[in-house]
Amino acid sequence: TGGGSGSAGISSSGNGWSAQQTSTNETVLQNDITTAVNSGKTPAGIYVGDDGEVVVYYIDDNPLGMTAWNLEWYDGVETLQDGINTNLEQGYFPMGISFTDNGKLYVLYIMSQLQATAWQLVESQLDLAYVSNDVQPYTNEKYIPVGITVFGGMYYTLMAQVLDSELVSWTIEGYENNNYSIEQSVNNKVNSGLVPFGYLKEGEVVNVLYVGF
């Protein structure tokens with residue numbers, strides 16, 4: 001069920017970013033993102049847990065020139081492919097991805113100055129060293145990692161090709177699931193010029209994907 005009043009609570013925030021808890025209820029989720037966008041935030045990542053926990057990552061202000069956003073969920077690989085292709089054709093850029101074990105596949109998009117010409121979903125072992133190794137060849141072809149998720153015991157990195165971008169810096173960091181230490185770590189990364197783009201919780205570990213433009 002869930003009401004329409006919105007259930008967004010700040011689960012953590014820092015210098016130029018915040019992570020807000022919301023609901024899997026479609027209306028509440030859309031309302032909460034709309035409220036955040038109207039308050040001047042840009043949605044930059046999403047995590048949907050199998051226990052119903054939903055966290056949306058935001059960056060403050062509008063550094064990417066966002067004019068619209070879109071959140072879609074799919075029930076399989078074919079609808080996922082068709083959905084991402086359609087959104088790219090319409091000018092939307094994928095910003096986050098989250099798969100749940102019950103087979104719901106969420107993708108968050110924004111319309112902005114970022115234009116993606118192609119996309120890839122790169123499968124890896126759960127070890128971040130494998131993830132980095134598997135992603136690297138695509139970054140040489142001007143793909144940017146934009147989202148991270150885990151499904152069926154494998155790690156997935158969503159990548160978007162931005163032909164007019166310089167080679168961006170990126171990293172995925174793993175933290176203990178402790179709000180204070182996460183906030184400190186994210187702040188340090190933001191202060192060094194990186195933007196928190198992806199968010200993933202697996203057991204007692206939180207992964208954050210950072211991209212530097």
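The values are calculated or read from the model by the stated rules, or taken from the named source; none is laboratory data. A quick note: this is a predicted structure, and the numbers were derived from the prediction, not measured. We place every Cβ from the backbone using ideal geometry, glycine too, and count neighbours over all the protein chains shown. Calculation scope for accessible area: heavy atoms of the full protein, side chains included, ligands and nucleic acids excluded. Shrake-Rupley method; radii C 1.70, N 1.55, O 1.52, S 1.80 Å.
Of note:
- Theoretical ellipticity at 222 nm over the chain - DSSP helices of four or more residues, -39500 (n - 2.57) apiece, nearest 500: -7500 deg cm²/dmol
- Cβ-based charge dipole, region 1-118, positive-most Cα from Tyr47, Ser13, Asn85: Ser13
- Using a Förster distance of 22 Å, the FRET efficiency for Thr79-Asp50 (Cβ separation, nearest 0.05): 0.65
- Taking all Cα-Cα distances within the chain, those exceeding 20 Å account for 54%.
- Accessible surface for the chain, divided over its residues, is 45 Å² per residue with a 1.4 Å probe.
- Using every pair of separate Cα atoms, the Kirkwood estimate puts the hydrodynamic radius of region 114-213 at 13.9 angstrom.
- Surface composition of region 114-213: carbon plus sulfur atoms contribute 46% of the solvent-accessible area (1.4 Å probe, protein chains only, all chains present).
- Local electrostatic count at Gly49 - Lys and Arg +1, Asp and Glu -1, tallied over other residues with Cβ under 10 Å: -4
- For region 1-148, relative contact order (Cα pairs under 8 Å, six or more residues apart, normalised by length) works out to 18 percent.
- Overall, the accessible surface of region 1-110 at a probe of 1.4 angstrom is composed of carbon and sulfur to the extent of 43 percent.
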